[in-house]
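Notes to accompany the following structure.
Just so it is clear, none of the values below were taken in a lab; they were calculated from the coordinates. In this text the structure is predicted, and so the values were computed from the model without any measurement. Note that each Cβ is placed from the backbone with ideal geometry, even for glycine, and that neighbours are counted across all protein chains shown.
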Amino acid sequence: MDNKILYGPSYSLLVVTLQQGEAVLATSGTMVSMSPTVEMDTAAQGGLLQGLKRSVLGGESFFINTFTATGGQGEVTLAPVLPGDMMHVPMTGGAMYVQSGSYIAGTAGVGVDTSWAGARGFFSGEGLFLLKCSGQGDLFVSAYGAIHEVDLQAGQEYVVDTGHVVAFEETMTWSVKTVGGLKSTLFSGEGLVCDFVGPGRLYLQTRSIDAFLRFLVPKLPKQQ
């Protein structure tokens, strides 16, 4: 399987080239186009209960589409809902935590599950669950805006606004806290932040959906 990402970082398009018998799994609603040699099958990944768990608890689509090249070499193109970049993450046996909405696709060797985030996830505004992607294969994630990578050494600390987190490696520890005192939390526009401690790699998005909505909603026409 070959892949390339075009038109980033603003309007990324993932182009996947499949050889006979190869397949890629993508979240519902991300397909842009495909060759006639490719067949699509829709099902709940991991079965009914696993699909419900991802949908209800992880904020992801209940269904996963599997694209398989059945008539020779074929092509599938995928894109996220929001404008922004996409990234290919080669998985070699570890795990990556991905925020809800950023998962785009993966190969069959990459399992997707939800991971309990406890109160940290609830207060961070990212939901009670994160997606846990693990195994071996290719993982593709998206961002709102460009993707910025941060490598942390063992014990190194880094603070990130919760709305800018895309994904991070399982080797890192993290917690949610306020930025500054009560006054800063209420009036700085930053709210809560994630405090990450290395070692590991962290992926950030340069734009925040929540911040954009806070800007946009007051400007929308109000019903009379």
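Tabulated data
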{"item": "Distance in nm between pseudo-label sites at Gln153 and Ala43 (7 Å out along the Cβ direction from Cα)", "result": "4.8"}
{"item": "Efficiency of FRET between Thr92 and Thr178 - r from beta-carbon atoms, R0 30 angstrom, step 0.05", "result": "0.25"}
{"item": "Label-point separation, Ser28 to Leu13 (7 Å along Cα→Cβ), nm", "result": "2.6"}
{"item": "Arg207/Ser35 FRET efficiency (R0 35 Å; Cβ-Cβ; nearest 0.05)", "result": "0.60"}
{"item": "Extension gain (nm, one decimal) between Ala146 and Leu216, 0.36 nm per residue minus Cα-Cα", "result": "23.2 nm"}
